[in-house]
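What follows is a short report on a single structure.
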Amino acid sequence: MKNKYEVVIGLEVHSQIKTETKVFCNCSTDFHSQPNTNICPVCTGQPGVLPVLNKKAVELLVKTALALDCSINKKSVFARKQYFYPDLPKNYQISQYELPFAEHGKLNISADGKIKSIGITRIHLEEDAGKLLHEIGSRQLDCSLADYNRTGIPLMEIVSEPDMRSPQEAAAYLTALKNLIEYIETSDCNMEEGKFRCDANISIRPVGQKEFGTKAELKNMNSISGVEEALEYEVQRQIETVENGGKIIQETRTWDPNEKITKSMRSKENAHDYRYFPDPDLVPVNLDDVFIENIKITIPELPEKRKERLIQEYGLPEYDANVIISDKALVNFYEDALNNTAKDAENIPKLIANWLTTELLGKLNNAKLTIKESPVKAEYLGQLVSFISKGTISGKIAKTVFEEMFNTNKDPETIIKEKGLVQISDENEIIKICQEAADESPKAVAEYKSGKERALGAIVGLVMKKSKGKANPQMVNKILADLLK
């Protein structure tokens, strides 16, 4: 049934800008403050007050826009967006309608093994609304409480073109956008704290039809996986509605993460419903070339460029590079680890990638820790891989050392010395152990000499047991093969 219809998705992302004070007043943006302690007459809309624009918010929005290849409008205008809701004390929101700060950008995503460019329609600056609390902890309230601390926090709204054709593409877009914003440090993008939020517009149309279908807007999705789930449900709902002879209506729907369904909230508003008009208290903003150029030079290496460098400079496979650049803290950790090794040693970059993405991330996930909270320092992981590369310890012993590093925060050299784990690479000593193992394994020796090469494994195992896992495995295999000829 899905093959008959094409899905069309556009996303509106609201990302709180990383400033210390609000966009039009000096109140703190600290998330952890007690309710209604970071408020003043300006952000609560008391009569006679005048907003003053936060320059830092403009700088960080323009930085984001430049990183997304947007055109910067040198003249920009603020507007009042009228709507009435308990979390909006002024009964209007200062936003932008005509002449936003930025337009016509793009973001490349990886979908189905291909690179696809998603258009950015516009990025504009607005103030965030407050927050309504319907429960405290596990206790459901019989009323709603309003916390206006969030009111007036600078928010950049990044509106995409309707270029996505599946929920998976939408998830890939959100992941790439969040990653880019975190790289350039213009927002914390903490979804649990509401600093990176998304509304999705979704419609379906018969395959081959050029005109868009009637769209529904989805709200209340607080994770990227939640956005994907909600869109998957909505695709199915719209197809079933059409197939059963029904009609899709333009509306706003909310995602219920417990029931895993979308529910109708209200009919969808259009621009004229908000009665936009220029804010009389804020003059137009004029940006000059010097202002824009000074911001452009602060943009660091972006995820795609960094990925290309990891592949070209270190010879990493694309899969590994994709995993590592998915988080700025992760790729910084990787390069810090690499800087504590002899980078020119054979396969060191790949070895570090393996230990990082498999061993360390596996243990961090089990412990529900982020890479920033890792008990294993980047330099220690680099040192561990160096010891493996130099033959100081074997890969098997390295796992024992790594376990101890994770549990104690100690460096690998200290652990190796304390536990006497240095690999035996003395040829005479290994010959002696191999001879003893061969003498004690006459059956395996006979089988090996008769052509059953697998029998060598039993003798190798005995050598490792006798050496308490310290014998150099490569030397053991070579010496045994020579002894048994």
So which residues in segment 310-325 are surrounded by fewer than 15 Cβ atoms within 10 Å (Cβ to Cβ) and either in a loop (DSSP other than H, G, I, E, B) or of a type in the set (Lys, Arg) (or both), if there are any at all?
-> GLY315, PRO317
Starting from segment 427-449, take each residue that is more than 15 Å from LYS470 (Cα to Cα) and list its partners that are outside any helix (DSSP H, G or I), counting only C-beta distances under 6 angstrom and pairs at least six apart or across chains.
-> TYR448/LEU484
Collect the residues in segment 340-396 that are under 23 Å from PRO473 (Cα atoms) and basic (Lys, Arg), keeping them in residue-number order.
-> LYS350, LYS390, LYS396
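Show me the strands (runs of 3 or more DSSP E) found entirely inside segment 127-228 where at least 1 residues are more than 25 Å from the chain's Cα centre (by Cα).
Details: elements: 131-136, 139-147, 154-160, 196-206, 216-221.
Correct list: 131-136, 139-147, 196-206, 216-221.
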In segment 387-412, how many are of a type outside the set (Lys, Arg) and at pLDDT below 90?
-> 9
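I'd like to know if segment 326-336 contains one or more residues that are over 22 Å from the mean Cα position of the chain (by Cα) and assigned to a helix (DSSP H, G or I). Don't jump to the end; show me each part of the working.
Quick first cut of segment 326-336, residues over 22 Å from the mean Cα position of the chain (by Cα) only: none.
Looking through segment 326-336, none of the residues is over 22 Å from the mean Cα position of the chain (by Cα) and assigned to a helix (DSSP H, G or I).
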Number of the condition not met by ILE292 [criteria: (1) touching a residue at least 24 places away in the same chain (Cβ under 8 Å); (2) hydrophobic (A, V, I, L, M, F, W, C); (3) surrounded by fewer than 17 Cβ atoms within 10 Å (Cβ to Cβ); (4) in a loop (DSSP other than H, G, I, E, B)] | (4)
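Considering only residues that are small (Gly, Ala, Ser) and assigned to a loop (DSSP other than H, G, I, E, B), look in segment 338-389 and name the one that is surrounded by the most Cβ atoms within 10 Å (Cβ to Cβ).
Taking segment 338-389 as the starting set, the residues that turn out to be small (Gly, Ala, Ser) are 342, 345, 353, 362, 367, 374, 378, 382, 386, 389.
Right, trim to assigned to a loop (DSSP other than H, G, I, E, B) and you get 342, 345, 367, 374.
On the way: ALA342: 13, ALA345: 13, ALA367: 11, SER374: 22.
Across segment 338-389, the extreme among qualifying residues is SER374.
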How many residues are surrounded by 21 or more Cβ atoms within 10 Å (Cβ to Cβ) and either closer than 21 Å to PRO300 by Cβ or free of Cβ contacts under 8 Å to residues at least 24 places away in the same chain (or both) when one looks only at segment 190-206?
-> 2
Condition set more than 17 Å from ASP163 (Cα to Cα) and among the aliphatic types (A, V, I, L, M), scope segment 229-242, selection farthest from the chain's Cα centre (by Cα): answer is VAL242
Checking LEU282 against (1) in a helix (DSSP H, G or I); (2) over 30 Å from the mean Cα position of the chain (by Cα); (3) surrounded by 14 or more Cβ atoms within 10 Å (Cβ to Cβ), which test does it fail?
-> (1)
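Based on this model, can you work out whether THR262 counts as among the β-branched types (Val, Ile, Thr), surrounded by 16 or more Cβ atoms within 10 Å (Cβ to Cβ), out of contact with any helix residue (DSSP H, G or I) (no Cβ under 7 Å at 6 or more places or on another chain) and in the same structural domain as ARG80 (by TED's automatic domain parsing)?
Working: among the β-branched types (Val, Ile, Thr): yes; surrounded by 16 or more Cβ atoms within 10 Å (Cβ to Cβ): yes; out of contact with any helix residue (DSSP H, G or I) (no Cβ under 7 Å at 6 or more places or on another chain): no; in the same structural domain as ARG80 (by TED's automatic domain parsing): yes.
No; evaluated as a whole, the condition is false for this residue.
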Members of segment 295-309 found to be over 18 Å from the mean Cα position of the chain (by Cα) and part of a loop (DSSP other than H, G, I, E, B), listed by number | ILE297, THR298, ILE299
Segment 184-199: number of residues that are farther than 20 Å from HIS124 by Cα and modelled with pLDDT of 95 or more | 0
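Could you check segment 180-230 and list, in sequence order, the residues that are of a type in the set (Lys, Arg) and touching a Gly at 6+ places or on another chain (Cβ under 6 Å)?
Result: ARG205, single match.
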Across segment 80-106, what is the total count of residues that are surrounded by 21 or more Cβ atoms within 10 Å (Cβ to Cβ) and within 30 Å of TYR319 (Cα to Cα)?
-> 1
Select from segment 229-253 the residues that are assigned to a helix (DSSP H, G or I) and of a type in the set (Ser, Thr, Tyr) and write down the one among them that is nearest to ARG150 (Cα to Cα).
-> TYR233
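The values are calculated or read from the model by the stated rules, or taken from the named source; none is laboratory data. In this text, all values refer to a predicted model and were calculated from it rather than measured experimentally. Here the Cβ is made from the backbone with ideal geometry for all residues, glycine too, and neighbour counts use every protein chain on show.
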